[in-house]
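To keep things clear, I will list the structure first and then write my remarks on it.
The values are calculated or read from the model by the stated rules, or taken from the named source; none is laboratory data. Just so it is clear, the structure is predicted and the values come from calculations on it, not from any experiment. Methodologically, a virtual Cβ is constructed for each residue, glycine included, from the backbone with ideal geometry; neighbour enumeration extends over all protein chains shown. Protein only, heavy atoms only, side chains kept; ligands, DNA and RNA dropped before computing areas. Shrake-Rupley method; radii C 1.70, N 1.55, O 1.52, S 1.80 Å.
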Amino acid sequence: ATIVEDAKRHGVEIRPVDVSWSTWDCSLEVCAVGHAVRIGLRYVKGLSQSDGEAIVAARADGPFASVMVLARRTRLPKDALEALAQAGAFESLGIGRRTAFWGTLDPEQAAPVEACEPKLLDATEARPEFQGLSLFDTIRWDYRRTGLSPRGHPLAPLRPRLFRQGLPNAQALNALKHGRRTRYAGLVICRQRPGTASGVTFMTLEDESGWVNLVVWQPIFERFSVLARTANFLGVTGKVQREHEVVHLIVESLWLPDLAAGESAEGTGSRDFR
């Protein structure tokens, strides 16, 4: 997810996983500015490699006109179809996630094509009307099913609320002058405590604009040890330390950011080295 976000900030187009275009691995597709990266089917949690290869093989016989056609030609189990639906992999077929999820196959009714049709929603049946996902929910569904999102960073939909609380993004923080005291909130992507650092913990927080590097001295780490060790979305107060182009935030306190009911900042968790 961090690599995808950094690539997007550097102008690389990242395209979502899709049954009409994705192979098992990530691939390159020609676009207006060169090539875009298409996320591979391997990133869909709950989809096996044999499931992914079945989709690619079936697609060689022609495009999929619907979820029903894909299910018939691939014989994928219910769990695999549900995973694809939740990942948004049917959107090129004009089917939203909730509608696709509603219409996935019941494995108990599955049988060879010659015996019967898979029990999916038929085009002649009345379909329930589902409200489309908000950007916030779209990104959240992406992260839950693929661990990343080409459609946006988890904090992007929360940015107006964070700005109203006086919290800068990473780009703005990294432009502050040396010694400036500030508050910041971001997703924790890395914790490190080198053996040669005299108990200092280095942490990296991320938002949609970049990274903020934290220096957490041992007394501060011990005082806020639960948050320092476990929080995924973390608020910090500290002073900017700038040496040429290298910027750190020297942490004075840690806290949980204020979110509205139903809001969350889901990421993929941090990589911790101790």
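How compact and how long is the stretch 167-235, expressed as Rg and Dmax of its alpha-carbon atoms in Å?
Reported Rg and Dmax, both Å: 12.2, 33.
For the stretch 1-60, what value does the Rg/Rh ratio take when both radii are computed over Cα atoms and Rh is the Kirkwood radius, given to two decimals? It would help to have the intermediate numbers written out before the result.
On the way: Rg = 12.3 Å, Rh = 12.2 Å.
Expressed as Rg/Rh, it is 1.01.
What does the accessible area per residue of the chain come to in Å², with a 1.4 Å probe and no ligands, DNA or RNA counted?
Working: 14080 Å² over 274 residues.
That works out to 51 Å² for each residue.
For the stretch 68-85, what does the Karplus curve 6.51 cos²θ - 1.76 cosθ + 1.60, with θ = phi - 60°, yield as ³J(HN,Hα) per residue in whole Hz, taken in order and with x for Gly and Pro?
Karplus values, whole Hz, x for Gly and Pro: 4, 5, 4, 4, 5, 7, 9, 6, 5, x, 4, 4, 5, 5, 5, 4, 5, 4.
Once you charge only the Cβ atoms, +1 for Lys and Arg and -1 for Asp and Glu, what is the size of the charge dipole of the chain about its Cα centre, to the nearest 20 debye?
So the magnitude is around 1180 debye.
Charges on Cβ only, +1 for Lys and Arg, -1 for Asp and Glu, centred on the Cα centroid of the chain; of Gly103, Gly34, Leu214, which one is farthest towards the dipole's positive end?
Leu214
Could you give the length gained on full extension between Arg15 and Phe163, defined as 0.36 nm per residue of separation minus the Cα-Cα distance, in nm?
50.4 nm
Could you compute the FRET efficiency for Val246 and Ala32, with r as their C-beta to C-beta distance and R0 at 30 Å, rounded to 0.05?
0.25
For the stretch 25-35, take each phi angle, set θ = phi - 60°, evaluate the Karplus expression 6.51 cos²θ - 1.76 cosθ + 1.60, and give the result in whole Hz per residue in order, putting x for glycine and proline.
Using θ = phi - 60°, the values come out as 8, 5, 9, 9, 10, 5, 9, 4, 10, x, 9 Hz.
In terms of modelled amide H atoms, which long-range or inter-chain residues lie less than 5 Å from the amide H of Phe130?
Residues meeting the amide H criterion: none.
Leaving out ligands, DNA and RNA, and with a 1.4 Å probe, what % of the accessible surface on the stretch 1-57 is carbon or sulfur?
Numbers: 1730 of 2950 Å².
Here it works out to 58 percent.
Each label point is 7 Å from the Cα along the Cα-to-Cβ direction; what then is the distance between the points at Asp25 and Lys45, in nm?
2.5
Suppose only helical runs count, i.e. DSSP H with n ≥ 4. What mean residue ellipticity at 222 nm does that imply for the chain under -39500 (n - 2.57) per run, divided by all residues and rounded to the nearest 500 deg cm²/dmol?
When only DSSP H runs of four or more count, the value is -7500 deg cm²/dmol.
In the stretch 34-90, which trypsin sites (Lys or Arg not before Pro) fall in coil by DSSP and have 12 or fewer other Cβ atoms within 10 Å?
Within the stretch 34-90, the qualifying trypsin sites (Lys or Arg not before Pro) (loop, at most 12 other Cβ atoms within 10 Å) are Lys45.
What residues qualify as long-range amide H neighbours of Leu214, i.e. H under 5 Å apart, gap of 5 or more or another chain, H built at 1.01 Å from N?
Under 5 Å from the amide H of Leu214 lie the amide H atoms of Met203, Thr204, Leu205, Leu249, each far enough along the sequence or on another chain.
Rounded to two decimals, what is the ratio between the C-alpha radius of gyration of the chain and 2.2 N^0.38 Å? Write out the running numbers ahead of the final one.
Values: Rg = 22.4 Å, N = 274, 2.2 N^0.38 = 18.6 Å.
Taking N as the residue count of the chain, the ratio is 1.21.
Along the stretch 135-148, what does the Karplus equation 6.51 cos²θ - 1.76 cosθ + 1.60 (θ = phi - 60°) give for ³J(HN,Hα), rounded to whole Hz, x for Gly and Pro?
Running phi through 6.51 cos²θ - 1.76 cosθ + 1.60 with θ = phi - 60° gives 4, 4, 6, 4, 5, 5, 5, 4, 5, 5, 9, 10, x, 7 Hz.
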